[in-house]
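Note sheet for the following structure.
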2 protein chains.
Amino acid sequence: MNLDNIKVIGFDADDTLWVNETYFRDAEERFAELLEHYETKNKIDQELFKMEIKNLELYGYGIKGFMLSMIEAALELSNNEVSQATLSKILDLGKKMISHPVELLDGVVEVLEKLQGKYRLIVLTKGDLLDQERKLERSNLSEYFHHVEVLSDKKEKNYQDLLDHLEIDVNHFLMIGNSLKSDVLPLVNIGAKAVHIPFHTTWQHEQVEEPKEKKGYITVSKLTEVLEYL
Amino acid sequence: MNLDNIKVIGFDADDTLWVNETYFRDAEERFAELLEHYETKNKIDQELFKMEIKNLELYGYGIKGFMLSMIEAALELSNNEVSQATLSKILDLGKKMISHPVELLDGVVEVLEKLQGKYRLIVLTKGDLLDQERKLERSNLSEYFHHVEVLSDKKEKNYQDLLDHLEIDVNHFLMIGNSLKSDVLPLVNIGAKAVHIPFHTTWQHEQVEEPKEKKGYITVSKLTEVLEYL
């Protein structure tokens, strides 16, 4: 893939710059333990996921919506029998997620150091605005980025609107991220380029099939590999 | 106040373009009714407010954080005795707030029609990104605005960063909003101008004293009055 035209690089944040999905998986484990009297782990996992998807349009992405869905799923799964103490524990579980320290992924600082100055670097993330600003601040990565944009979703239209607003030519834009569905395919569909770096765990809702013909993007196994192309 | 230099006008959204605080007041009333077996209305109001402030740093502004604080306050106020059915009702209360239709305030369309073209109009709101985008879409006001920015807070630094990012000279900027604390004083402090339009109800957390010397802003009683100055 020829990246000679690229002037602006957008980085996804969660599971591209720092660990995120792992904490959701941990919280789901803990949630299933708290409700183990009522249902099997499998059923609890399924019902929580269904609840999240049902509420996604209303709550959007992020930890607060996840907390509200856990509360609602706990009430439903237990037929309103879940104890008040357990509900308090669920709130605590979410609060701990929000205040969790940021763990950078391997090679992030090295890659940003090398690309800084050569390209305009921006962060494009979805989820909760406050959460994402806080994580960026805690990550100490702010200095590398020209601009940070938190999107309510990452569909083609969200990207197109953003490129228009920032006056970025789609031919000059490269997106780097872990989600084929959110960070790669919408970009390729609007004519930009993308680099896919799979993370070891992906939320079920983010899973899509790889297209038969791989066009407009490459897949690498770790972030530092992008330096071979840029 | 001379507004001849103004080129860009920022509008607050909640309680400036459309009704918002009223729905929080209504939800608080309903919350107090749901818990009336445990405490007086006064005490319930106070405890819910305290909980919101305690959680503000973690949750930020918006309905989802309010919902989580209501759940937590209900558990605490009732000594973990609040029924599961009541907690479900609290969740429903919040969901209804999120999906509430947008009610525009008087004169909004008239004022935007008249200012459009003469000034660059932007929306500057705080709160939940998805909520605010949804409200703007439902309001049918998107066409009037050049840009919409949802801020995690409205302090001097948030405004300064935004003006820098949008390359707006502070002398060319006027902010219009209902909150003296969030829409007026921070702007005046960084050298911009502001118009204050008090709304009949203000969240306790947004209340500040009027400065002794009123400088850099005017107060009007309704939005259409700004047309006399612009």
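The values are calculated or read from the model by the stated rules, or taken from the named source; none is laboratory data. Being a predicted model, the structure only gives us computed values, none of them experimental. Glycine also receives a Cβ, built like all others from the backbone with ideal geometry; neighbour counts cover every protein chain displayed.
Quick notes
- Qualifying residues in the range A:204-219 (those that are touching a helix residue (DSSP H, G or I) at 6+ places or on another chain (Cβ under 6 Å) and surrounded by 16 or more Cβ atoms within 10 Å (Cβ to Cβ)) - the one modelled with the lowest pLDDT: A:GLU206
- For B:TYR119: the one exception among (1) closer than 27 Å to A:LEU130 by Cα; (2) touching a strand residue (DSSP E or B) at 6+ places or on another chain (Cβ under 6 Å): (1)
- Where a residue in the range B:209-230 is closer than 11 Å to B:VAL195 by Cα and its partner, wherever it lies, is modelled with pLDDT under 95 and outside any loop (DSSP other than H, G, I, E, B), with Cβ under 7 Å and at least six apart: none
- Residue list for the range B:120-176, restricted to those being within 11 Å of another protein chain (Cβ to nearest Cβ), crowded, with 18+ Cβ neighbours inside 10 Å and part of a loop (DSSP other than H, G, I, E, B): B:GLY127, B:ASP128, B:SER152
- Condition met for A:GLY117 (without any contact (Cβ under 8 Å) to a residue 40 or more places away in the chain and away from chain B (no Cβ under 11 Å)): yes
- All conditions but one from (1) among the small types (Gly, Ala, Ser); (2) within 14 Å of chain B (Cβ to nearest Cβ); (3) under 25 Å from B:ALA73 (Cα atoms); (4) buried (at least 18 other Cβ atoms within 10 Å of the Cβ) apply to A:ALA27; the one that does not is (2).
- Candidates B:LYS43, B:LYS89 - the one that is touching a helix residue (DSSP H, G or I) at 6+ places or on another chain (Cβ under 7 Å), surrounded by fewer than 18 Cβ atoms within 10 Å (Cβ to Cβ) and assigned to a helix (DSSP H, G or I): B:LYS89
- Taken over the range B:3-34, the criterion of being touching a residue at least 24 places away in the same chain (Cβ under 8 Å), over 25 Å from B:ILE168 (Cβ atoms) and part of a loop (DSSP other than H, G, I, E, B) is satisfied by B:VAL19 alone.
- Among the numbered conditions (1) at pLDDT 95 or above; (2) surrounded by 14 or more Cβ atoms within 10 Å (Cβ to Cβ); (3) under 19 Å from the mean Cα position of the chain (by Cα), the only one that B:TYR61 does not meet is (1).
- Taken together, the residues in the range B:75-95 that are more than 9 Å from chain A (Cβ to nearest Cβ) and either of a type in the set (Lys, Arg) or within 14 Å of B:ALA27 (Cα to Cα) (or both) amount to 5.
- Of all the criteria given as (1) within 23 Å of B:GLN84 (Cα to Cα); (2) hydrophobic (A, V, I, L, M, F, W, C); (3) under 19 Å from the mean Cα position of the chain (by Cα); (4) surrounded by fewer than 20 Cβ atoms within 10 Å (Cβ to Cβ), the one not satisfied by A:MET97 is (1).
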